[in-house]
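All remarks here apply to the structure that follows.
The values are calculated or read from the model by the stated rules, or taken from the named source; none is laboratory data. Please read all numbers here as calculations on a predicted model, not as lab measurements. All Cβ positions, even for glycine, are placed from backbone atoms using ideal geometry, and neighbour counts span all protein chains on display. When the accessible area is computed, the model is the full protein with side chains, heavy atoms only, and any ligands, DNA or RNA have been set aside. Shrake-Rupley method; radii C 1.70, N 1.55, O 1.52, S 1.80 Å.
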Amino acid sequence: MSAIFQIHNLAKLNWSTDANALNKYLFSQISAEIAEPTRIALIGASGQGKSTLLRIMALLDTPDEGDLLVNGKSFQHIPARQWRMTVTYVAQQAVMLPGSIEDNLRMVSKLHGQPYDVSLATELLEQLGLDYLDLGKVAEDCSGGEKQRISLIRSLLLRPEILLLDEITASLDINSTQKVEALLLNWHKQQGTTFIWVTHDLEQARRISNRTWMMDKGGLQEYSSDAFFNEPVANLAKRFVGSTEGSLH
Ligand SMILES: Nc1ncnc2c1ncn2[C@@H]1O[C@H](COP(=O)(O)OP(=O)(O)OP(=O)(O)O)[C@@H](O)[C@H]1O
Ligand SMILES: [Mg+2]
């Protein structure tokens with residue numbers, strides 16, 4: 001059986017044209033393997049390339065070196081649209097498509113030629129505290145936090161194998177954040193979906209993950225979240241958790 005997802009020696013060149021730029025690469029020699037459904041927290045200081053890595057994993061950006069494989073198949077042999085049904089990116093700044101909220105929820109299924117699951121959409125809206133919304137409302141008129149959750153539901157309706165979540169609760173209040181966390185933990189349990197969740201909130205990282213990927217100095221280290229947060233396995237982890245006092249900002 002192939003691993004669900006593999007990253008082999010992935011690199012992204014630094015786009016700075018400054019010949020004196022300190023590093024040729026934004027990141028390089030990144031390798032990781034997801035062998036079974038996993039909940040991964042992706043952490044690291046601003047500008048390390050967390051969003052870029054997720055965007056590359058969803059083929060929204062291109063790697064300069066290395067390979068990505070889903071269920072043993074390289075991205076070079078899978079059409080991007082098909083890939084994105086398996087590996088789906090949810091951006092921090094949710095972009096609404098023109099039309100109503102319902103149009104937005106229906107459109108993605110339509111684009112991917114899948115039937116629209118109304119009862120699942122209704123259930124997810126309710127679980128995320130959005131059942132008060134008039135689905136005929138113009139999606140663009142929704143608040144940032146509403147758009148964020150609509151965009152998450154839009155992605156869940158595709159039932160991807162891997163969800164790439166980029167600071168998806170950054171514009172949400174605590175109550176809504178808890179609902180998103182509960183929904184995703186339950187979704188992982190029920191559907192076996194793997195998620196990689198970028199967060200600057202270490203408490204959130206601890207709550208939602210069983211593995212932690214840390215981006216630092218152009219590389220990626222992987223830890224068990226238990227070890228990383230409770231009994232730091234490396235001095236690096238100890239320093240990282242110690243110095244940030246719960247927040248990476
Ligand atoms: N080839 C490249 N592709 C993307 N970003 C690049 C590249 N080369 C250099 N950069 C710079 O590297 C940084 C990468 O940004 P990115 O959004 O991926 O970081 P991040 O870890 O998600 O940060 P944040 O925590 O603030 O969201 C940016 O400052 C960007 O300008
Ligand atoms: Mg980012």
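Computing Rg and the Kirkwood Rh from the Cα coordinates of region 163-207 gives a ratio, Rg/Rh, of 0.94.
So how tilted is helix 144-156 from the main axis of the chain? Cα-based, degrees 0 to 90, rounded to 10. It is inclined by approximately 90 degrees.
Measuring between their Cα centroids, region 6-82 and region 95-164 lie 27 Å from each other.
Overall, the accessible surface of region 29-184 at a probe of 1.4 angstrom is composed of carbon and sulfur to the extent of 48 percent.
Find how much the distance from Tyr116 to Ala45 grows on full extension, using 0.36 nm per residue of separation minus their present alpha carbon separation; answer in nm with one decimal.
Values: separation 71, 0.36 × 71 = 25.56 nm, distance 3.84 nm.
Gain on extension, Tyr116 to Ala45, equals 21.7 nm.
Applying 1/(1 + (r/R0)^6) with R0 = 22 Å to the Cβ-Cβ distance of Ala35 and Leu60 gives a FRET efficiency near 0.35. Between Asp67 and Glu123, the modelled labels are 3.8 nm apart [label points 7 Å from Cα along Cα→Cβ]. The long axis of helix 118-127 is offset from the longest Cα principal axis of the chain by roughly 60 degrees.
Coordinate range of the alpha-carbon atoms in region 38-113 per principal axis, descending: 39, 33, 25 Å. Hydrodynamic estimate: the Kirkwood radius of the chain over Cα pairs, inserted into Stokes-Einstein at 25 °C and 0.890 mPa s, corresponds to D of 130 µm²/s. For an R0 of 35 angstrom, estimate the FRET efficiency from the Cβ-Cβ distance between Asp216 and Ala3 and round to the nearest 0.05. Plugging the Cβ-Cβ distance into 1/(1 + (r/R0)^6) gives 0.90.
Could you pull out the trypsin sites (Lys or Arg not before Pro) across region 120-164 that fall in loop regions by DSSP (anything but H, G, I, E, B) with no more than 15 other Cβ atoms inside 10 Å?
Details: sites: Lys137, Lys147, Arg149, Arg154; in loops: Lys137.
Those satisfying the criteria are Lys137.
Among the listed pairs Lys110/Lys179; Lys110/Lys147; Lys73/Lys147; Lys12/Lys189; Lys12/Lys179, those with a Cα-Cα distance over 29 Å are Lys73/Lys147; Lys12/Lys189; Lys12/Lys179.
A straight chain from Ser16 to Ser224 at 0.36 nm per residue would run longer than the Cα-Cα distance by 71.5 nm.
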